[in-house]
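**Q** One structure, pasted below without further comment.
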Amino acid sequence: MCILFPMKYGYARVSTDGQSVTAQVATLKAAGADKIFREVASGAKTDRAQLHRLLNALDEGDVLLVTRLDRLARSTRDLLNTLASIAGKKAGFRSLNDTWADTTTAHGRLMLTVLAGLAEFERELIRARTGEGRERAKARGVKLGRKFKLTPHQQREALSRRERGEALTEIGRSYNVSHSTISRLRAATNAKT
């Protein structure tokens, strides 16, 4: 029977080829990293191959180490999504220079939970402001949503063709719209009256 011991994985990232991960690697090794994944990629990119390899390698009890939070994520949302992936593997996370960002301790988990709560609060504020802006625009008479594919004249014309028994697909083809657009015209017209 093989007993697996938890691993400490390091993740070192720089943004451009002109930069070096050497200092990060040395710091991660000094912190006890067993294996280090190195990457040259912008933090704004979400499809970082080495980070994905590292996240796939994590097992229960493993710990992912970074020198600073900005090496792992560019935005709060990106950080929280990555931390959720790590937590989903029942692994831990530590940022060596951001001591509060350590999911291996109760204090660190609390701090990251507060951060997640603030990010959710910010999203709710944005959603509320967007909704209020939409209501103000409606009050000013701004029409929201997609524009009709057919003008009112074309709608009346298509309805009369439909009432004469012409096939929906033929009517739709003549206006360069789908047959379902034509089939919805009656419902839309009835709803207006």
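The values are calculated or read from the model by the stated rules, or taken from the named source; none is laboratory data. Because the structure is predicted, anything quoted here is derived from the model rather than measured. Note that each Cβ is placed from the backbone with ideal geometry, even for glycine, and that neighbours are counted across all protein chains shown.
**Q** Could you look through the range 15-25, keep only residues that are among the aliphatic types (A, V, I, L, M) and under 21 Å from residue 57 (Cα atoms), and pick out the one that is modelled with the lowest pLDDT?
**A** 21
**Q** Kindly provide the set of residues from the range 61-76 that are at negative phi and in contact (Cβ under 8 Å) with a residue 40 or more places away in the chain, ordered by number. Break it down into steps so the answer makes sense when it comes.
**A** So the first thing to find is which residues in the range 61-76 are at negative phi, and the list is 62-76.
If the condition is that a residue be at negative phi and in contact (Cβ under 8 Å) with a residue 40 or more places away in the chain, then 62, 63, 64, 65, 66, 67, 71, 72, 76 are the ones that fit.
**Q** Look at the range 10-41 and say how many of its residues are more than 24 Å from residue 99 (Cα to Cα) and of a type in the set (Ser, Thr, Tyr).
**A** Of the range 10-41, the ones more than 24 Å from residue 99 (Cα to Cα) are 16-19, 40-41.
Filter again for of a type in the set (Ser, Thr, Tyr), leaving 16.
Of the residues in the range 10-41, 1 are more than 24 Å from residue 99 (Cα to Cα) and of a type in the set (Ser, Thr, Tyr).
**Q** Just to be sure I understand, how many residues within the range 80-112 are crowded, with 18+ Cβ neighbours inside 10 Å and free of Cβ contacts under 8 Å to residues at least 24 places away in the same chain?
**A** 3
**Q** Taking residue 161 as the residue in question, decide whether it is free of Cβ contacts under 8 Å to residues at least 12 places away in the same chain, in a helix (DSSP H, G or I), within 27 Å of the chain's Cα centre (by Cα) and surrounded by 10 or more Cβ atoms within 10 Å (Cβ to Cβ). Let's see the steps before the verdict.
**A** Values: free of Cβ contacts under 8 Å to residues at least 12 places away in the same chain: yes; in a helix (DSSP H, G or I): yes; within 27 Å of the chain's Cα centre (by Cα): no; surrounded by 10 or more Cβ atoms within 10 Å (Cβ to Cβ): yes.
Considered against the rule, which asks whether it is free of Cβ contacts under 8 Å to residues at least 12 places away in the same chain, in a helix (DSSP H, G or I), within 27 Å of the chain's Cα centre (by Cα) and surrounded by 10 or more Cβ atoms within 10 Å (Cβ to Cβ), residue 161 comes out as no.
**Q** Evaluate the range 140-149: report whether one residue or more is without any contact (Cβ under 8 Å) to a residue 60 or more places away in the chain, in contact with a Gly (Cβ under 9 Å, 6 or more places away or on another chain) and either within 30 Å of residue 57 (Cβ to Cβ) or surrounded by 12 or more Cβ atoms within 10 Å (Cβ to Cβ) (or both). Give the derivation first.
**A** Residues of the range 140-149 without any contact (Cβ under 8 Å) to a residue 60 or more places away in the chain: 140-149.
Now restrict to residues that are in contact with a Gly (Cβ under 9 Å, 6 or more places away or on another chain): none.
There is no residue in the range 140-149 that is without any contact (Cβ under 8 Å) to a residue 60 or more places away in the chain, in contact with a Gly (Cβ under 9 Å, 6 or more places away or on another chain) and either within 30 Å of residue 57 (Cβ to Cβ) or surrounded by 12 or more Cβ atoms within 10 Å (Cβ to Cβ) (or both).
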